[in-house]
Structures are given as C-alpha cells and as structure tokens.
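Have a look at the structure below, then the notes.
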Amino acid sequence: MQTVELLGDGSPVRIAGIVELEPTPDGAITQRLPAWARSQFMEIAIAAMSSMPSGGRLEMVTDATTIELDLLVTRIEFLGRDSLPATLDLVVDGELVATEATGEGHVFHLQLPPSAAFDLEAGDATTIRFDGLAPGTKRVEIWLPHNAGVELRALRVTDGAAVARPPEPTRRWVHYGSSISHSETADSPTGVWPAVTARAAGVDLYNLGITGQCHLDQFAARTIRDLPADIISLKLGINILSTDTMRERTFVPAVHGLLDTIRDGHPDAPIMVISPIICPPAETHPGPTVPDTDGRFSVVERPEALSLGALTLVRIRELLELIVANRREHGDENLHYLHGYELFGPQDIADLPDDLHPNAAGYIRMGERFAAAAFSPGAPFA
C-alpha cells in the first residue's frame, strides 16, 4: 500500500463539509466551526458536537482497488446513556457500497444535561479498510462519522494507484440547524437527513447542524456569511424552545439579525427558513424540554409563562413565517419559508421515538422530502 498525502495543501484528496483542520501531533481534527468561533465557547458540549463531521467526507478520483484510512474517533456518552457506534460510508460513483464501524477510540462521558463535567476514557486509533473495489477510474467518497469527533491520521491506496482531486463543486449548499439536522441517531453518515438531500439533489453539502446549538448565535451567522454558498437553509426554533433561551421579544430580532449577517456575505443567494418539525409535548406548551428516565422528552407545565412571551412551537412557526413575509415585502425575494410539517409532521409520529428526534427511517424521509420541496423544478433551490 502507498501513502497518499491527506492533510497538506497539495493533497489530491478534497476534504469536504469541513471548515478547517485543527493540527495535532499525529494528524488533524475535523472542525465544522472555525477556530475564532470555537474560542468563544463556554461549554465543552459545543466543542465536542461541532468536531463531529456530520456531512463531512473525503473525496477523490482513483483507480485504487483498496483504500485504508487511519483515524481516531472520540465518541460522547451522556452518563447513563449508551452512544451509537461510529461508522464510515463508502460511496463509489454515487452509490453506497460499504459501511464500516470504527474502533472504540476515545470516549467522553458527559453529564446530562451537558455541563463542564466530563471524564475522558482514552482509546486507540483504528484503521478502516475498504477492499474489493472495482478496477478502473472512479469517484470515491468516504463519509466520516456523523456521531463522533474525528482525528484524521493517514490515507493509503493500492500500490501504483493514481489519486486525483475531483472537480470543484458547481453548487454549494450550507445548512444550519439543531440535533435534528446533526442527525446523530441516523444509521450511518449518509443517513443524516441533509446528506440524503444533498446526494439526491447533487449539491455540495456543508452541514452546520450541531446538537443543542441552534440558538441564532452570531458566531454561526458569521461562519455562514464567510463560507462559499450558492444556496442556504436555516432550520430554526427547536433549540430556542427546548432550552427556553428566548422570549418573543428577543427571538424576532435575533432571527432578523441572523439573516442580516448572512445577507452581508450572500446578498442574492436563495435562503430557505424552515420551521420546527412536530414535537407533541411542545406544540402548544413552552419549554424547556426535559428527558425522562425512558429517554422521552416532555415539558414542564408553565401556563403563566405564555403571558410573559414564552414561545411554543405553534407560535415559533407563526413568527418565522411572518418574518420571511416581512422581509420579502421589503425586497428580499430570494428568501423563502417552509413549514416543518412538510418534512416531518403528525402523520410521522410513529418514527419519533423520543417525541423530539426522528429515528433513522424518519431522517431518510426528511431528506427525501426536502429534496422534493426545495430542489424540484420550480422550487426555490431548483
């Protein structure tokens, strides 16, 4: 096997869906937020979740019949809950041909809810081997684990094989969202719902869906502003309610501020604002949402909070639709609204096991539905 330069500027491998690589003594950690944004974090959970490369992948054109990747994963286990295995997907010429599990790697044991308290159980790097690939030149994508941090170490291919960088993408899609867009409970990396959409629509994905972190933060807005993007989607609202971080008075200007900052960098790009999917406990009740011992989410009954501007999902959807309509009236005709029920609604409750997050089948359905709603002929992203 011959070693392929993976991390240097002259690498023939495109590392897609990643903002930057954070150097380590043995390789580099994939990061979905830039270093200046990570320096503003006060909670370890944000750093841990944003280092999980949901939607990240290695892309190359090669005639290799065997590919090996050395990496070290860092999984997160909230105390009392087991994490799902970390896997990689191999896609050849657009077809998913293999899924391989990584080793245990490092494990962060975090408190639930996330806090600064954690224990690190050190583990080892692992080598993932994909062999039996068909001879001849082909486009290869290795989709990195969506539910574990990744430190890339080394890449090897069959002796004598050629490896070339694929052509640069023609349409780049940036998506911002919560744990639902992160899709940690998807079966594998290509089962993340934005990944399902991207593969169906043939667009280049950068997924800024980070578990628990869709709070209209300015570091997220500036990251989106500075990224190359032809189309942008913003799936907003559920984290605002689930952690009860805003009232109506602060939510509305925060959404406007997010859009203003993004428009500074992308004045004409089509943007779609997507409201929350169904969450039965929070449709007409304010947050926060609280997991019980069975892992199902509920809300604390606080009817008096509604008179103080606390938000329900019904109200969040109304406000997002009004914000988009207002901005369109003032000239932003490339701004669009999509009701979250069009992706996952009351008819899909059977695939909402914890009353907040879809299961793997639900994420696939969301990705397929968004592809139809956003990318079909005549749709905003067509």
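Its Cα gyration tensor gives segment 2-164 an equivalent ellipsoid; the semi-axes, largest first and in whole Å, are 30, 17, 13. Amide H to amide H distances under 5 Å link V4 with L155, R156, V157, where only residues 5 or more positions off or on other chains count and H is placed in the peptide plane. For segment 12-56, backbone nitrogen atoms closer than 11 Å to the point 7 Å from D226 Cα along Cα-to-C-beta are found at 20, 33-39.
Take the Cα of H109, step 7 Å toward its Cβ, do the same at M42, and the gap between the two points is 2.8 nm. Modelled spin-label separation between L21 and H339, with each label point placed 7 Å from Cα along the Cα-to-Cβ direction: 4.6 nm.
Using θ = phi - 60° in the Karplus curve 6.51 cos²θ - 1.76 cosθ + 1.60, the 3J(HN,Hα) couplings for segment 13-26 round to 9, 8, 9, 9, x, 10, 6, 7, 9, 8, x, 10, x, 10 Hz; x is entered for Gly and Pro. Each residue of segment 346-352 was assigned a 3J(HN,Hα) from its phi angle through the Karplus curve 6.51 cos²θ - 1.76 cosθ + 1.60 (θ = phi - 60°); the sequence is x, 6, 10, 3, 4, 9, 10 Hz, with glycine and proline shown as x.
The Cα atoms of the chain cover 69, 47, 40 Å along the three principal axes, with the biggest extent listed first.
Spacing of the modelled spin labels on Q347 and R296, each 7 Å from Cα toward Cβ, amounts to 2.4 nm. Of all DSSP beta bridges confined to the chain, the antiparallel ones make up roughly 70%.
Taking only Cα atoms, what is the 0 to 90° angle, nearest 10, from helix 248-265's long axis to the longest principal axis of the chain? The answer is roughly 40 degrees.
Extension gain for the segment R247 to D268, taken as residue separation times 0.36 nm less the Cα-Cα distance, is 4.6 nm to one decimal. Our estimate of slack between D93 and A360, defined as 0.36 nm per intervening residue step minus the Cα-Cα distance, is 93.7 nm. In the elastic network of the chain, a GNM with C-alpha springs shorter than 10 Å, the most mobile of T185, T87, T158 is T158.
Remark: segment 207-218, residue by residue, has Karplus-estimated 3J(HN,Hα) of 9, 9, x, 10, 3, x, 10, 8, 10, 6, 5, 5 Hz, where x stands for each Gly or Pro and the curve is 6.51 cos²θ - 1.76 cosθ + 1.60 at θ = phi - 60°.
Direction-averaged projected area, Cα convex hull, segment 112-183: 8.6 nm², rounded to one decimal. Extension gain, S376 to E304: 0.36 nm times the residue separation minus the Cα-Cα distance gives 21.5 nm. Once backbone amide H atoms are built at 1.01 Å from N, L234 has Y176, M272, V273, I274 as its partners under 5 Å, excluding neighbours fewer than 5 places away on the same chain. Within the P(r) computed for segment 172-375, what percentage of the Cα pairs occupies the region above 28 Å? Summing the P(r) of segment 172-375 above 28 Å gives 22 percent of all pairs.
Each reported figure results from applying straightforward, stated rules to the coordinates on display, with no laboratory input. Because the structure is predicted, anything quoted here is derived from the model rather than measured. Quick reminder, even Gly has a Cβ in these numbers, built from the backbone with ideal geometry, and neighbours come from all protein chains shown.
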